[in-house]
Structures are given as structure tokens and as C-alpha cells.
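Data first, discussion second: the structure below is written as C-alpha cells.
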Amino acid sequence: MKSSTLASALTGSSLAIVLALGVWSQVEERHQAESLAPYTRISTALIEVQDSLASQQTPVSDELKSLVQQQLDSLPHSANILASKDHPKDDSPSWEKIFDSSVQKLYHEVFINADQQSEAQNFVRSEPLEFVQQLQDFAQEHQIKLSALKAPKTVACRPLSERTPAPESITRLLQTSYAYRYASEVIGARTDVEEFSAQEISGIERLQQQAKVLEQRLVQAVSCQYQLPAQQVTYPVDVAQGYTFLEEHSDAVQKNALAVVADSTVPSDVPVFLLSTRIFLED
């Protein structure tokens, strides 16, 4: 009798342990799926492109397959597995349509993930934007027409008395823009005396206009929510480098715009966030 009771108790304990482990496993699985959700959505959009290209055998489709695979390889492997299991199939025969739709989804993902606060999510905030840039460059190179990117609406501007100091990433972006505009004016004023070629002068004039418009757009977007950081009296300028010097500044603005997107202290619904995504994607 005692042996039977003991056996029943042990069986009951074992069953309880098994059930507890089962519940724990389900909780862990759900937690992993939730933590991977942003990556999984990105992976799903890329896999849709990959699937649509499965029956395509052209140099363009092969090159796009390779690009998409490189992007997938940069994501967590677990996210790719989840996406492969769960992503819906599109019966559309047009891979170009799916390509266009996936680029839109990736751009939308930038805003979905933008308010996550953990360091791990900072990677997710900017990664889909870099994917969009790569895919847009591919489309432009191969003359594939993509729809204009759609972004959510931004919030209204704060009253002047409620505007706070800008986060460091925004301050850095704006200072880089100030330096770019200043250098463009200094170099632009020297085109008549420096030994620049006609092609360099044309490029300098184009970048001078770009720097002016860019600063105007940034000042307007930043001042909507934040206090504007003061401009320096002067900024370093290498006149002899001319067009190359300005091009480096243009690249620095683009890089710092991506840093704003990656900054978890910048909400996704403020105008400067949206503008930063646009700046990064502009040529």
C-alpha cells in the first residue's frame, strides 16, 4: 500500500514537473517570438521578394536574389526561420510588384520599430532603412520603377515654451549641416580664383544649392520640437579640395541622418525623424 502511494506521489510529481516544463517552454518560445518580431517582419518582406524571383532566371533577378540573401544573412537566423514558416504566399505573377511592396514594408518598419528603447532594437531601427537604400539603388541601376515611399504623419509642432534641447544625434546632424553650408559658401565664392575644372565648378554649384536647402529643411524640422543649437562662427574649410571636400560633408550629413534614425531617444513621429530617413535615402 505504501509502495503504491509512493509510486502515485512520484508519478504525480513527475507529471507536475513535465507540465511546468511545458508551460515554461511555451512562455520562452512566445518571449523569443516577441523579441524577434521586428526582425521576423523584415525577414518576411525580404523572403517575399526571394520567393517571387524563384522562377526568374535573368542576370537582373540573379543579382537581386544575391542582394536579398546578403540582407537576410545579416538578420538573426531564428527570425529567418520564423519568417519562412509564417509568411503569406502572394500569387501575383509580377515579381516587380512584390519587390515594390516589400520596399514599402521595409520603410514602414523603420517607423514601427523606432520607439523601442533597448540597445538591441537600435539596430532594428536603422537596418531596414539601409535595406531600403540598397534596394532603391538596385532599382535605379536596373531601371525598375518603384512607388514613392509613404510615411506616417508627424506630430504638430510644440509651443516655443515647451521645446527642449535636441538629443545629441540631432545636434550633431544639424552642426554637420551648418558646416556643410558654410563650406559650400566659402568654396563657392572661390571658384573664380581657384584652379577648378568646369566639371568641378558645376558640382560645387550643385552641392552649394543642396547644402542651402538641406540646412533650411533641417532647421525647420528640428525647431518644430526642439531648441536649435547655436551655430559656430566658422567651420574648417579646405578650399583646395573643392568639390571633394563638399562631397565628404554631404556624405557626413547622410551618415548622421542615419544616426538620428538609430537613436532611441528620437521619437518616430517628430518631423526631424522623418526628414532624417529622407536625407539618408537621397542621392
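The values are calculated or read from the model by the stated rules, or taken from the named source; none is laboratory data. As the structure is a computational prediction, the values presented were derived from the model and not from experiment. A quick note on method: Cβ atoms are made from the backbone with ideal geometry, for glycine too, and the neighbour counts reach across all protein chains shown. These accessible areas exclude ligands, DNA and RNA; they are computed on the full protein's heavy atoms, side chains included. Shrake-Rupley method; radii C 1.70, N 1.55, O 1.52, S 1.80 Å.
Given 0.36 nm per residue, what is the gain on full extension from D251 to A189 after removing their alpha carbon distance, in nm? Please list the in-between numbers first.
Numbers: separation 62, 0.36 × 62 = 22.32 nm, distance 2.17 nm.
Additional length available on full extension: 20.2 nm.
May I ask you to give the solvent-accessible area per residue for the range 180-265, in square angstrom, as obtained with a 1.4 angstrom probe? Write out the running numbers ahead of the final one.
Working: 4630 Å² over 86 residues.
So the range 180-265 comes to 54 Å² accessible per residue, rounded to a whole number.
At 7 Å along the Cα-to-beta-carbon direction for both A37 and S147, put a label point, then send me their distance in nm to one decimal.
For the pair A37/S147, the computed spacing is 2.4 nm.
Ordered by residue, what ³J(HN,Hα) values in Hz, to whole numbers, does the range 162-169 give under the Karplus form 6.51 cos²θ - 1.76 cosθ + 1.60, where θ = phi - 60° and Gly and Pro are x?
Result, ordered by residue: 9, 7, 9, x, 6, x, 4, 5 Hz.
So the label point goes 7 Å from the Cα of Q199 along Cα→C-beta, right? Which residues of the range 243-270 then have their backbone N under 15 Å from it?
The answer is 243-244.
Are any of the pairs K65/K255; K97/K255; K65/K85; K85/K153; K97/K153 more than 22 Å apart by Cα-Cα distance, and if so, which? All intermediate terms of the calculation are to be shown ahead of the outcome.
Working: K65/K255 27 Å; K97/K255 30 Å; K65/K85 19 Å; K85/K153 33 Å; K97/K153 25 Å.
Among K65/K255; K97/K255; K65/K85; K85/K153; K97/K153, the Cα-Cα distance tops 22 Å for K65/K255; K97/K255; K85/K153; K97/K153.
How far apart, in nm, are the 7 Å Cα→Cβ label points at E162 and E96?
4.7 nm
Using DSSP to call loops (not H, G, I, E or B), can you name the GluC sites (Glu not before Pro) in the range 219-283 whose Cβ has at most 14 other Cβ atoms within 10 angstrom? Each step should come with its number before you reach the end.
Values: sites: E247, E248, E282; in loops: E282.
In loop regions of the range 219-283 (DSSP not H, G, I, E or B), the sparsely surrounded GluC sites (Glu not before Pro) are E282.
Could you pull out which residues in the range 212-239 have an amide N less than 15 Å from a spot 7 Å beyond the Cα of Q175, following the Cα-Cβ vector?
228-236
H142: net charge of surrounding residues, Cβ under 12 Å, Lys/Arg +1, Asp/Glu -1, itself excluded? Don't skip to the answer; put the middle values down first.
On the way: positive: K145; negative: D62, E63, E96, D137, E141.
Here the charged neighbours net out to -4.
Given the protein chains as shown and a 1.4 Å probe, how many square angstrom of K150 are accessible, to the nearest 10?
150 Å²
With every protein chain in place, what's the accessible area of R172 (1.4 Å probe, Å², nearest 10)?
Ignoring ligands and nucleic acids, R172 comes out at about 100 Å².
With a 1.4 Å probe and all protein chains left in place, how much of the accessible area of the range 194-283 comes from carbon and sulfur atoms, in whole percent? Don't skip to the end; give the middle numbers.
Values: 2190 of 4480 Å².
In the range 194-283, the share of accessible area belonging to carbon and sulfur is 49 percent.
Kindly state, to the nearest 0.05, the FRET efficiency for L228 paired with Q140, given R0 = 22 Å and r defined as their beta-carbon distance. Write out the running numbers ahead of the final one.
Details: r = 34 Å, r/R0 = 1.55.
That pair, L228 with Q140, gives E of 0.05.
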